[in-house]
Every structure is written in C-alpha cells, then in structure tokens.
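To start, the structure under review is shown below, and the notes come after it.
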Amino acid sequence: MRDGADRDGQPSERPPEPLRSRAFALFWSASTIRAFGGAIAGMALQVLVVTILDASPFEISVLNATGVVPYLFFGLIIGALMDRWRRQRTLVITSIGRAAALAAIPVLMLTGTLTFWSLTTIVLLLGVLTLFADSAAQPFLPRIVPRSSLVLANARLGQSQTVAETAGPALGGALLNLLGPPILFAFDAVINAIAAILQARIPVEEPRARPREPGSHVWRDIAEGMRYTYRHRTLRPLALSVHTWFLANSIVTTAFAVFVLRELGLPPWAFGIALAFGGVGGFLGAVIAPRIGMRLGAGRAILLGRALVVLPWAALAAVPLTAGVGVGVVLAVVSAAQFVYCLAMGIEDANDIAYRQATAPDGIQGRMNSTIRTVNRVVFFFGALLTGALMTLLGYRPTIGIGAAVFVVATMVVLLSPLRNARHEDATVPE
C-alpha cells in the first residue's frame, strides 16, 4: 500500500504537518523573512528609481528587463549545476551574496556615488543570486520533507509568500517614510544575513553527485534534463500546460494595470485595494490546496486551478464595464476578478510544484525544474512584447479576451492528457 493511500487509491489520512519538522521550520522561516524583505525592498527600489534617480522610461524598462535576463542566459546551466552542487550550501552562499549586494546600495547612497547604472548592476547581480537560490530551493525541499507532505509544505510556503506580497509593500511604505531608503536597504541586507544563518542550520544529508561519464559535459546534462521533462508521460503535458499558462498570464498582467487605471478610470488607492483582494484570494487558495489535492488528486487539482483562472479574465473582457458606472462598481468587479485569479493560482501552484517534486528522481530535480522555469520566463518575455502590439492594434479589452482564450488552451492540455488522472501518491518515487 502506498504511503497515505488506501486500497482504492484515496488518501487515508492527512499527511504530517511539515512545520513540526525542524528542517522545514528553518527552511520556511528563512523563505518567509526573505519574502517580506524582498517585498519591502522591491517597493523601496521603485521609489528610489523614480523619485531619487529620476530615471527615464527607457531606463525603467531596462531595469525591469534585468529580472528576466539571468533566466534567459543562465537558467538551464544553473539548473544542471544544482543536480551536482550541494543545494544547502548554494542557499547559504546566495543569501550572503544578496546581503552584501543590498548593503552596497546604502553605502553608495551615503557616499553620493549611486547612479542608475550602478543600481542596475546591483539589481542584475541580485537577479543572478536569486536564480541560483530558486534553482536550489525547489529540488532541496524533497530532501527535508517526506514526499507525502510536499503539497502541504508548498502550500505553507505559498501562504507566507502571499502574505508578504500583500503586506510587504504597505509595510515598506511606512518604513520608508520613517527610516528612509538607506536604512531600509540595510534592513533587508540584515534579513538576508539572518536567512543565511537559518539555512546553514538545516539538518540534511545531501549525497555527492555521481561522477560524469568520460566525455560528458554540462550541455549533455541539460539535454538529458530536457529529454526527461518532455518525454515523461505526465510531466510533458504539465510543462506544456504551464508554458501556455505563462503566455496567457503575460498577456493579461501586462494589459491589466493600464486597462484598469486608464480605461476604467480606477484611482490608484482603489487599484491598491483590488490588488489586496488578490492577496486574500491567493492566501485562501494556498490554504485549501492540500485538501483539494488529497480529495481530487494532483491532476484534477491542477485542472481546477487552470479552469478557474479563465473566469476573471473572460469576465473583464466581456462585461461592458466603463468608467462611467462609478468607482464603486468598477472596484467591486476588479476586486472580484483579482480574488478569483489569485485563488486559482493558490490552488494550482502547491499541487503543480509538489507533483513535479514527487515525480522526478533527486538526481534530475534541478534540471527538470530549471527546464520548465526557464521556458516559462522566455514565454513570458515574448508574451509581454506581443501584448504591446495587441493593445495597440486591438485595444485593452480584446487583448485580455485573447489572454483568457489562451488560458482555455492551457486547461485543455491538462484535460486531454494523462495528467488529468494523476495523483500525488502515485507520483512518489523511491527516496
């Protein structure tokens, strides 16, 4: 009998709470404080670029692009390295590196030597370090959490991430007014140093990677990871579905803010309230994700999230909403759309990531995850560029409608594939 399942393949009991494990509690604590620090620093960075450095629109676009560049050039290589490097050590080193990079910002500010391009260099370095950290974290989690508890563990991480993304910017605004940008960036540097200490204390055994065969090299490792991902019976449709989802998401999220603020006339304060409703939906989705995954199975939980995300964007495209109906009505519709959108993401994220982690052997986790993550970022990058052309040619509402249609395609990929009937307990591979 498989762990956590009865003879009928139904979950027999709730998996153990991962936060009761010292290893996961330390990992979760480090991830949570980093999420809050990142949300606070992200808000402060926007203020710094716009108000203090007085960056031009071109410079702002360059700064935003630096967040994607590391994935485009290094994503697959770093994923392959994570199947050979010690993942805990990588997490610790990257946290120390982020602390040093963030500490450089207040030093440059206080000495009057901070420029846009020096800040862009620091942001690019932070992006590379974050790529290393993310590439290590996903394959590291199955090392410290039983595979039967992976959904619950990812849900706990998703819950704290959602709270940080919701409350962090507001907290950052208050701290920015109270302390000023230099102290705020120094505070985030300290947070990353604390995260490094917590990560270093995680009790874990990481076996050495098998030596490469003669004549083998990193590109062969990358190719092996891609073959494994796209030839696997259930990981292939999962990857193709999530790539399609990212294309749709790049379309709707690129068009959303300008559509709501410009065409629907929603004031900035009301826009902030609508985004807060999204945070509530995301938290609720992460809370109920483990129970949905246990009851419906991994495939149907992912399918539910994929299908549910279609509704808010189809509604925004179809409902004849205009600025003339009043702020209250617009706010109610947009807030409901954000709530359902983030609720869907909360449900599917924990089940999607946990299924991947439970399915792939440890020796290929880094490459499998980096393959999916890198293609996602490439798709998002070009989708955002495509959205600019769609908005210019068709307008905001038809563009969002196209995004909703692409979400339908992502749903159909799951519906018409073996992934639909996949269960977490069936995915479990030998430790």
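Things to note:
- From the list 394, 386, the lone residue that is under 27 Å from residue 76 (Cα atoms), over 21 Å from the mean Cα position of the chain (by Cα) and not aromatic (Phe, Trp, Tyr) is 386.
- Flag for residue 114 being hydrophobic (A, V, I, L, M, F, W, C), under 30 Å from residue 51 (Cα atoms), in a helix (DSSP H, G or I) and in contact with a helix residue (DSSP H, G or I) (Cβ under 6 Å, 6 or more places away or on another chain): no
- Evaluated against (1) modelled with pLDDT under 80; (2) part of a loop (DSSP other than H, G, I, E, B), residue 49 falls short on exactly one condition, (2).
- Index of the failed condition, residue 89 passing every other in (1) surrounded by 15 or more Cβ atoms within 10 Å (Cβ to Cβ); (2) more than 21 Å from the chain's Cα centre (by Cα); (3) at pLDDT 80 or above; (4) not polar (S, T, N, Q): (1)
- Restricting segment 257-292 to residues that are over 19 Å from the mean Cα position of the chain (by Cα) and within 14 Å of residue 155 (Cβ to Cβ), the residue that is modelled with the highest pLDDT: 292
- If the condition is being without any contact (Cβ under 8 Å) to a residue 24 or more places away in the chain and within 13 Å of residue 97 (Cβ to Cβ), then segment 111-127 contributes only 122.
- Residues satisfying the stated conditions in segment 138-165, i.e. more than 22 Å from residue 278 (Cα to Cα), at pLDDT 85 or above and charged (D, E, K, R): 143
- Residue among 235, 240, 275 that is open to solvent by 50 Å² or more (accessible area, probe 1.4 Å), touching a residue at least 24 places away in the same chain (Cβ under 8 Å), over 30 Å from residue 324 (Cα atoms) and not aromatic (Phe, Trp, Tyr): 240
- Scanning segment 292-303 for residues that are open to solvent by less than 70 Å² (accessible area, probe 1.4 Å) and either small (Gly, Ala, Ser) or closer than 18 Å to residue 340 by Cα (or both) yields 292, 293, 297, 298, 299, 301, 302, 303.
- Some residue of segment 125-147 being part of a helix (DSSP H, G or I) and more than 26 Å from residue 350 (Cα to Cα): yes
- One residue stands out in segment 148-177 among those that are of a type in the set (Gly, Ala, Ser) and open to solvent by 30 Å² or more (accessible area, probe 1.4 Å): the one that is farthest from residue 34 (Cα to Cα), namely 148.
- Unique match (being on the phi < 0 side of the Ramachandran plot, in a helix (DSSP H, G or I) and surrounded by fewer than 18 Cβ atoms within 10 Å (Cβ to Cβ)) among 315, 289: 315
The values are calculated or read from the model by the stated rules, or taken from the named source; none is laboratory data. The structure presented is a predicted model; accordingly, all values stated were derived computationally and were not measured. Counting neighbours? That spans all protein chains shown, and the Cβs are built from the backbone with ideal geometry, glycine included. Surface accessibility is based on the protein's heavy atoms, side chains included, excluding ligands, DNA and RNA. Shrake-Rupley method; radii C 1.70, N 1.55, O 1.52, S 1.80 Å.
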